[in-house]
Amino acid sequence: MKKLSLSFLAAIVMFVAATFTSCLGDSNDSRVYDFSTYMTVESNGTYAVADNGMNLTIMNPSALQRKDGTTPSRVFAYCLVDGEFDVNNMKSAYNVKIATEYTPSEIPTVALSKAEDIEKCYSVSRIYDMWACNGYLNVPIIAKVDPNVKIDSWKDWNKLFQAYSERAENDTIYLRLANLTEGSYNYEDIFSFPINTLLTQLIQTHQITPKDGKISIVVSSAYKDDNVKASCTYELN
C-alpha cells in the first residue's frame, strides 16, 4: 500500500507551480518539469483539466496508462510545458508532456455505495483538507487498516473503504466514509469520489438547492463513535 506524508499532501492539495533552478542551468532543455498538479483525465489521456482550472493537452498520453492499457480518471502528475513557461504569467491552457522521471500517482477513485451494502465498519482517524472540483470530491484520510488486505489493482480500493450518501438538506449533502477493515497499519491516502451524477439527481429532485451556485459537502466517519468530519464547497459549472 502506498503511504503519503501529511506534509506532502498538504503542500500539493491545490496546484503547485515548481521548477528546479538547480537542475535548469541556463538551458530550457534541461528542465525536469514546470509544475505539478492534480488533474481529471479525459479522452484516453490526451486531455486533462487541472484542479486550478487549466486545460492541458497531453502530448505523451502513454505516460498515464496503467499496465492493463487503460487510463485512470484522476492523477497527480508533474508536467513539462511544450515551449516557454513563465510561472509569473500563467496561461489558461498548455500543451504538456508528463515528466517520465516522476511516475504519475493515480488517485484511487471510489464509487458511492448504499448504506445497507456496508455490513460493518471501523474507526477513521482523520478526514481533513477536502476539496471538490472537476466532478470529483477529493478526501484525504488517515485510518488504521488490516495490513493483510491485498490490493492487486486500481479496482481493489473498495476492499478498504466505501462511502455512501447519508442525507441532503438545503444546500448541503452529507456523506459517510466507512473503513472496512481493522488493523495496525496507519494508512494515509487521498480518495476521489465522482459526484456530478449524484448532485445532478439531488438538484433535479429538489432535495438540495444550490446557494450562490455552490453546494456544501460534509464527509463524516461512518463508525458510530467517531466524531471525525470535514467539509468543503463545490462550485457548479
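The values are calculated or read from the model by the stated rules, or taken from the named source; none is laboratory data. Small disclaimer: the values here were computed from a predicted structure and weren't measured. Ideal geometry is used to build each Cβ from the backbone, glycine not excepted, and the neighbour counts take in all protein chains shown.
Here are some notes:
To keep it simple, each residue is scored yes or no on (1) surrounded by 14 or more Cβ atoms within 10 Å (Cβ to Cβ); (2) of a type outside the set (D, E, K, R); (3) modelled with pLDDT of 90 or more.
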residue	(1), (2), (3)
R167	no, no, yes
D171	yes, no, yes
L199	yes, yes, yes
S220	yes, yes, yes
D226	yes, no, no
Y234	yes, yes, yes
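- Yes/no for K120 being outside the structural domain of I217 (by TED's automatic domain parsing), surrounded by fewer than 19 Cβ atoms within 10 Å (Cβ to Cβ) and more than 18 Å from the chain's Cα centre (by Cα): no
- Sole residue being at pLDDT 85 or above and either among the basic types (K, R) or surrounded by fewer than 15 Cβ atoms within 10 Å (Cβ to Cβ) (or both), chosen from T103, T70: T70
- Pairing residues of segment 69-81 that are in the same structural domain as S30 (by TED's automatic domain parsing) with residues that are surrounded by fewer than 19 Cβ atoms within 10 Å (Cβ to Cβ) and among the polar types (S, T, N, Q), at Cβ distances under 6 Å and at least 6 apart in sequence or on separate chains, gives T71/N44; T71/Q65; S73/T109; R74/T109; F76/S105.
- For segment 118-157, the set of residues classified as within 14 Å of I107 (Cα to Cα) and aromatic (F, W, Y) consists of W131, Y136, W154, W157, listed by residue number.
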